[in-house]
Amino acid sequence: MMQDLALGLRLAVGGGRMSGAALLRLAMTAFGIALAVAVLLSAAAVQHVAGEQAARKAAIGQITAPRAGVAPLLAYNWYASVGEEFVQVTAVAATGASSPVPPGLSRLPAPGEIAVSPELAAKLAGPDGGSLKAQLPGRVVDRISREGVSNAGDLTAYYGVPAAQIEAEGTNGRKVYAFGRPAAGLGLPVLLLGLIPPIAAVLLLPLLIFVTTASRMGAAQRERRLAALRLLGLDSPRVKRIAAAESLVGAVLGLAAGIGFFALLRTFVADILPFGLRVFPEDFVPTWPLVVVIVLLVPGLAVGSALFGLRRTIVEPLGVVRQGKPVRRRMWWRWALTTIGVLCLAATLAFDRGDGNSPAAPALAVGSVFLLVGVAALLPWLVERLVARLHGGSPSWQLAIRRLQLDSGTASRVVSGLVVVLAGTILVQGVITSLGGTDRQSTPDGVAAVPVQVQTTAAHEAEVRGLVSAAPGVTGVHPARNLAFRAGEKRDYGLVGDCLALKAQANIGDCSDGDVFYLAPASGGAAPAGPVQLLGFSRGGEVNGPEWTVPGIVRVVQPSDVAQSGQSLLVTPGALGGLALPDSTVDVYVSGTGDRQALTDDVARAVQPLAWNATATSSDYLGEFRARDKRLVESFRAVLITASLFVLAVAAMSLLMLSIEQISERRRPLAALSAAGVPIGVLARGALWQTGIPVVVGVVLAVAAGLGLTAPILRLADRPMIIDVPVLLVLAVTTVLAVLLVTALTMPLLRQVTRLDTLRSE
């Protein structure tokens, strides 16, 4: 057996003299297997990344149940924001020597000191570091280690304060006796769980098809070599072992290169992920059981594919005999896969529309994978049935149809990878575009441009006004009290403030003290009338205020004129008739001159001494979030197109290898046709139609599958279906160009095999 394997290895490398064709076959096989191994190892590492993140998240979880002999750690959380970035700041104070220390810290920060996460430290040192420093109280003296953050992108900080400062917050503060909770599940929403399996299938299936295609390159030459070995006296089992060993060379080289690709990818994985995702390279490690499976599976697939290609080939000492009668493909298992996928997706109709956290996730995941695999398996059968009914046409068309009638399976199997890519692309872009397609993107005209908003409480309102008024560039300070208006069981939420503060919420038109405005919701509704109870919010609870009678004249503002949601009643102080308002949160709107971000930074520095009792943000934070969402959608679209084009390129390489192999195998009949007077243009167009027919059938099948996958996911997300036509056009044009490019690249070889001296050599 070892001699057979050694002989197969020698044959793979040309017996010491590596020809150009043999080198190309070996390189293409190794490249395809390397890509598959790198993608599989990356996919296997996702589970470890998620598990490590979940473990760290559980480790930093706070335990507030009292423990004997432990002095509690006082903690208070709030969020500081700069644009679309949110920083979770936790104020901490020890009450004794036994107070616990959060994971990732060697000691608790002293009052006035702050410890930051690695990502926050990097941002503080970046171009926007000045704005972040303006939002953070204290001075940075320490960095939280990896054990203290759930993932690499966490923006968190611990801020040391005196214990009395947290105790003054009452129930808003917490007493922490230990850190570390049992790890919970991933808790992924059904939408994401429904997307992960088809995305994995879209990435892996074309690569696996590429591997099997590359493994069968040079089949004709390999079979002739095996026939020569049979002439020397080797029996059929030994011939198969030699063929397996010959395929194993490219598989082993590809496996080693794939591991190298993954190791290189792992070193800078944190810098290449889209959408601002961050991953610790130490977490990006596949689990060993999956590594063993991949190391055995991928080379086994390559060797098995080569042996499977010999199943209908009889290698005799005097030549190679192929079974001439084509075998009709069985359709039952192909339709069975597709039917299972359709039934699983149809099962999601049993759940209510918009039930995004329902147990429909398994049905979505299983159904999507079965449908993608099913349509890939259906394509060869559909092409076979289609070409069997086609007759007549131009000479090039007849050549292509006749060739497909004799053997349509090989081309269809390669194109099936293209089907999976297009269907998955339609699914992902449909979901992303639909999720972001219904959001408003602009602020209505007439809304006051008040650059900065400071969130505080009624107890600190006067102090905030004094600090902000002294900040550079400030020209006006306009507080607005957040209240609720209760009439029986109905509640309306709104603001009490001057006209400029109210105009920051909506285009209310002319305004004077004493006016009341009702922001009509899109679903319709009437403004409150008669007596209502004023309610405030302080220290996490409601605070009852006096009763107030809504004036008879309330001006209604249409939904198209509303800039910020969540409020329904805007009241000027004069309309309350001097009533004492209950304690509540206060939004202080600050107008000023100069750059918006510079003004926000100056205001944030002014209120820094108040820590969590006053946080300054841009008043147009909703607009910034909309802009961020738009950028994320555009970024995802770019990533999607790039990934799809990459996999399409892999499919095109498979088509190119297939075309080269077919021309090499048919060089004698092609040379005979050329000698008989058939122009080379006819032969080239025949090759084009031979590749184009399976591609056209595949595109139609992919569109149907993609829409069928998208509809149930968007139904559970309660979003309308919006198809990104430009992305699909780019992919369609690229597909056509790929077919044309493959045909063009095979022209030199076609010209070579149709020369008369080639026929004489045969």
Using alpha-carbon positions, the gyration tensor of the range 92-147 gives root eigenvalues a ≥ b ≥ c; with a/c under 1.5 called rounded, otherwise prolate if a/b exceeds b/c, else oblate, the class is oblate
Given backbone amide H placed at 1.01 Å from N, residues whose amide H is under 5 Å from that of ALA178, ignoring those fewer than 5 places away on the same chain, are ILE63
Result for the range 493-613: accessible area per residue, probe 1.4 angstrom, in square angstrom, of 42
A student applying the Cα gyration tensor rule (rounded when a/c is under 1.5; otherwise prolate if a/b is larger than b/c, oblate if not) would label the range 658-698 oblate
Taking 131-138, 28-35, 57-64 and ranking on average Cβ neighbours within 10 Å, highest first, one gets 28-35, 131-138, 57-64
Taking placed amide H atoms and a strict 5 Å upper bound, the residues 5 or more places from VAL543 or on another chain that come that close are GLY536, PHE537, SER538
Between ILE680 and PHE268, the two model label points (7 Å from Cα along the beta-carbon direction) sit apart by a distance in nm of 4.3
Subtracting the Cα-Cα distance of PHE308 and THR287 from 0.36 nm times their residue separation yields 4.5 nm
So for R0 = 25 Å, FRET eff. of ALA97-GLU167 from the Cβ-Cβ r, to 0.05, ends up at 0.85
Taking a ≥ b ≥ c as the square roots of the Cα gyration tensor eigenvalues, with a/c under 1.5 meaning rounded and otherwise prolate when a/b beats b/c or oblate if not, the range 493-617 comes out oblate
For the range 541-550, Karplus-derived ³J(HN,Hα) couplings (6.51, -1.76, 1.60; θ = phi - 60°; whole Hz; x for glycine and proline) come out as x, 7, 10, 6, x, x, 8, 9, 9, 5
Nearest-0.05 FRET efficiency for ILE63 and ASP513 at R0 = 56 Å, using Cβ-Cβ distance, is 0.65
The set of residues whose placed amide H lies less than 5 Å from the amide H of THR287, leaving out same-chain residues fewer than 5 positions away, is HIS48
With DSSP loop assignment and no more than 10 other C-beta atoms within 10 Å, the GluC sites (Glu not before Pro) in the range 79-157 are none
Residue by residue through the range 521-530, the couplings from Karplus 6.51 cos²θ - 1.76 cosθ + 1.60 with θ = phi - 60°, in Hz, x for Gly and Pro, are x, 5, 7, x, x, 9, 5, x, 9, x
Between the modelled labels at ALA649 and VAL696 (7 Å from Cα along Cα→Cβ) the distance in nm is 2.9
Between LEU297 and LEU406, the FRET efficiency computed from the C-beta separation at R0 = 25 Å comes out, to the nearest 0.05, as 0.15
With x for Gly and Pro, the residue-by-residue ³J(HN,Hα) of the range 692-709, computed from phi through the Karplus equation 6.51 cos²θ - 1.76 cosθ + 1.60 at θ = phi - 60° and given in whole Hz, is x, 4, x, 5, 4, 4, x, 5, 4, 5, 5, 4, 4, 5, x, 5, x, 6
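The values are calculated or read from the model by the stated rules, or taken from the named source; none is laboratory data. The shown structure was predicted, so the numbers you read here are calculated from the model rather than taken from an experiment. Quick reminder, even Gly has a Cβ in these numbers, built from the backbone with ideal geometry, and neighbours come from all protein chains shown. Each accessible area value is taken on the protein alone, full model and side chains, heavy atoms only, with ligands, DNA and RNA left out. Shrake-Rupley method; radii C 1.70, N 1.55, O 1.52, S 1.80 Å.
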